[in-house]
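Okay, structure first, notes after.
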Amino acid sequence: MDAAFALEVLDKAPYVTVSFTRPDGTPYGLPLSLARTDERTFYFHGALEGEKLDCIAHCPTVFLSAVTKCAPTVGPKDGNFTLQYKSATAVGKAEIVTDRKEMIEGLRVICQRFLPKHMDAFDAAIARSLERTAVVRITLTEPPVGKRKQYDNEGEEMKWGRME
């Protein structure tokens with residue numbers, strides 16, 4: 001599927017697994033709550049120190065993976081056990097944001113995505129915790145890729161590019 005499809009999956013996923021490389025070369029991945037500002041830019045936040053930041057300092061290249069609409073099913077026409085899903089992956093560069101204005105905007109985007117009904121409390125939360133919060137920007141270095149398996153109402157698998 002195209003990049004627009006993949007971005008939609010990344011936007012709808014309740015979390016995105018971000019995979020890092022530890023300083024010893026081993027992988028480190030965990031689900032994070034990402035929010036996107038444009039076709040290439042995502043933000044997440046966390047503590048001022050820890051394994052994620054150590055990984056970014058060692059190797060800023062990250063891998064994103066998300067799945068939505070995941071449902072085990074029996075193929076309507078062939079009776080095979082299968083899984084309907086929508087998935088997306090992407091590669092990017094993670095950077096710790098140091099500009100105060102960008103930090104606040106990154107946190108605002110995260111809050112607008114996950115707690116839109118509580119934006120009235122945003123400024124107070126920033127005043128309380130900005131100094132003890134790390135904000136990380138992930139910039140995609142190539143277009144994201146999407147995949148899916150889905151059946152239409154007649155039980156036909158919807159092949160690549162068929163969106164209805």
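Each reported figure results from applying straightforward, stated rules to the coordinates on display, with no laboratory input. Every value quoted in this text rests on a predicted model; they were computed, and no experiment measured them. Methodologically, a virtual Cβ is constructed for each residue, glycine included, from the backbone with ideal geometry; neighbour enumeration extends over all protein chains shown.
At a threshold of 8 angstrom on Cα-Cα distance, excluding pairs fewer than six apart, so keeping six or more, what relative contact order does the chain reach in percent? List each step's numbers first, then the result.
On the way: 303 pairs, mean separation 49.1, N = 164.
Value for the chain: 30 percent.
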- prompt: Based on Cα positions only, what radius of gyration and what Dmax would you give for the stretch 1-46, in angstroms?
  reply: 12.3, 35
- line: For residue 75, the residues 5 or more places away or on another chain with a placed amide H closer than 5 Å to its own amide H are 80, 81, 82
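If you build the convex hull over the alpha carbons only and average its shadow over all orientations, what do you get for the stretch 1-93? Give it in nm² to one decimal.
Working: hull surface 29.8 nm².
Quarter of the Cα hull surface area: 7.4 nm².
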query: For the pair residue 105 and residue 153, how long in nm is the line joining their label points, each one 7 Å along Cα→Cβ?
result: 4.4
statement: Computed over the stretch 57-126, the distribution of all Cα-Cα distances in 5 Å bins, rounded to whole %, is 3, 12, 12, 12, 15, 13, 12, 7, 6, 4, 3, 0
task: Work out how far the C-alpha atoms of the chain reach from end to end along every principal axis, then list the three figures in whole Å, largest first.
output: 57, 43, 23
- prompt: Out of residues 5 or more away from residue 147 or on other chains, whose amide H comes under 5 Å of its own, with H placed 1.01 Å from N in the peptide plane?
  reply: 87, 88
- line: If 56, 104 are placed from fewest to most neighbouring beta carbons inside 10 Å, the sequence is 104, 56
